[in-house]
Structure formats: C-alpha cells, structure tokens
1. Any residue in segment 9-21 that is out of contact with any Ser or Thr (no Cβ under 7 Å at 6 or more places or on another chain), among the hydrophobic types (A, V, I, L, M, F, W, C) and open to solvent by 90 Å² or more (accessible area, probe 1.4 Å)?
2. Only one of 47, 64, 99 is part of a helix (DSSP H, G or I) and within 30 Å of residue 4 (Cβ to Cβ); which?
3. Of the residues in segment 85-95, how many are exposed (fewer than 10 other Cβ atoms within 10 Å of the Cβ) and either assigned to a helix (DSSP H, G or I) or in contact (Cβ under 8 Å) with a residue 40 or more places away in the chain (or both)?
4. Would you confirm whether or not segment 96-109 contains a residue that is without any contact (Cβ under 8 Å) to a residue 24 or more places away in the chain and touching a Gly at 6+ places or on another chain (Cβ under 8 Å)?
5. Taking residue 9 and the conditions (1) farther than 30 Å from residue 125 by Cα; (2) part of a helix (DSSP H, G or I); (3) of a type in the set (A, V, I, L, M, F, W, C), which numbered condition does it fall short on, given that it satisfies the others?
6. Six or more apart or on different chains, Cβ atoms under 8 Å: show the pairs whose first residue is in segment 1-19 and farther than 15 Å from residue 29 by Cβ and whose second is open to solvent by less than 90 Å² (accessible area, probe 1.4 Å).
Amino acid sequence: MVDKVRHQLFLPKPLSDRLEALAAKPGASKSAILADAVTAWLNRRGASELEDRFGLRLDRMTTALGRIERDGHILLETLALFVRYELAIHAPLAENDQAGRAIARERFEAFVAQVGRQIAAGRRSIAADPETAR
C-alpha cells in the first residue's frame, strides 16, 4: 500500500464547488482528483523546465546543422558544375601525348597540395578580401 500524507488546503469557493461536483460521481474521490491534477501539473512543469533549459541550445544546433547542410549542397553543386565545365572545354589528350599527361599530373599534384595547405592552415579560398584567401 502506498503511504499517504494528509494535506490541508484552501480552495476558492467556485473551484471547491467544481471539485465537489466531480467527486460526487460514482468511483471518484476528491483525493484521487487532486492527486491526478497535481501529478499532471508537476509533469508539465518538468517538461517545461527541460524545454527552457535545452530548447535554446537545440534550436541553435538545428540552425547550425541547417547551415552546414546548405553549405555542403552549395559546395557539391559548385564542384559538379566546375568539373562539367572543365570537361566540356578541354579536349581529351591523345594516347601518345606523354608530355601533356605529365603536365596534367603535376598540376593535379599541385592542386592537391594547395588544398592540403589551405585545410591545414584553416584558410578559405572564398573570402571577402582576396588578400586573406592566399
């Protein structure tokens, strides 16, 4: 059996009348009605407290993740358009053009090295000031 504690409380007359009317129904009691009401109120307050505590942080994180997702889509679209453009304007190399292939390999290695340097330094190529992108 659950331990019960007796409480004495004061209710405004209209609220007391409503409680009396509810408790008059078969199978209902004032104690059960008040226990249910207090439990529901405390549960709502606890949920509200969690919302107050973490809601702002979660909203900020959701906004930041949305920006990251948008930026990722922009980057992928930019890369896809650049690759399509490059493939469209450059003629393929002849099979026996070893000099052209060597130049292409050197350019690619320089490109990969530059990307590595930019990432390692935390710099961005697209910046408001062109001098800060170098």
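1. First, pick out the residues of segment 9-21 that are out of contact with any Ser or Thr (no Cβ under 7 Å at 6 or more places or on another chain): 9-21.
Retained after the next criterion (residues that are among the hydrophobic types (A, V, I, L, M, F, W, C)): 9-11, 15, 19, 21.
Going one step further and asking which of them are open to solvent by 90 Å² or more (accessible area, probe 1.4 Å), we end up with 9-10.
Within segment 9-21 (the criterion being out of contact with any Ser or Thr (no Cβ under 7 Å at 6 or more places or on another chain), among the hydrophobic types (A, V, I, L, M, F, W, C) and open to solvent by 90 Å² or more (accessible area, probe 1.4 Å)), the answer is yes, since at least one residue qualifies.
2. Details: 64 fails: within 30 Å of residue 4 (Cβ to Cβ); 99 fails: within 30 Å of residue 4 (Cβ to Cβ).
On inspection, the qualifying residue turns out to be 47.
3. Step one: of segment 85-95, the residues exposed (fewer than 10 other Cβ atoms within 10 Å of the Cβ) are 86-92, 94-95.
Subsequent filtering for residues that are either assigned to a helix (DSSP H, G or I) or in contact (Cβ under 8 Å) with a residue 40 or more places away in the chain (or both) retains 86-89.
Counting residues in segment 85-95 that are exposed (fewer than 10 other Cβ atoms within 10 Å of the Cβ) and either assigned to a helix (DSSP H, G or I) or in contact (Cβ under 8 Å) with a residue 40 or more places away in the chain (or both) gives 4.
4. As a first pass, look at segment 96-109 and keep what is without any contact (Cβ under 8 Å) to a residue 24 or more places away in the chain: 96-109.
Cutting the leftovers down to touching a Gly at 6+ places or on another chain (Cβ under 8 Å) gives us none.
No, every residue in segment 96-109 fails to be without any contact (Cβ under 8 Å) to a residue 24 or more places away in the chain and touching a Gly at 6+ places or on another chain (Cβ under 8 Å).
5. For residue 9, the failing item is (2).
6. Every condition considered, the pairs that remain are 11/19.
This table checks each residue for (1) within 30 Å of residue 18 (Cβ to Cβ); (2) open to solvent by 100 Å² or more (accessible area, probe 1.4 Å).
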position: 32; (1), (2): yes, no
position: 39; (1), (2): yes, no
position: 73; (1), (2): no, yes
position: 81; (1), (2): no, no
position: 120; (1), (2): no, no
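The values are calculated or read from the model by the stated rules, or taken from the named source; none is laboratory data. Owing to the predicted nature of the structure, the values given are computational and were not obtained by experimental measurement. Backbone-built Cβ (ideal geometry, glycine too); neighbour counts: all protein chains shown. Ligands, DNA and RNA are stripped out before the accessible areas are found, and what is left, the full protein with its side chains, is counted by its heavy atoms. Shrake-Rupley method; radii C 1.70, N 1.55, O 1.52, S 1.80 Å.
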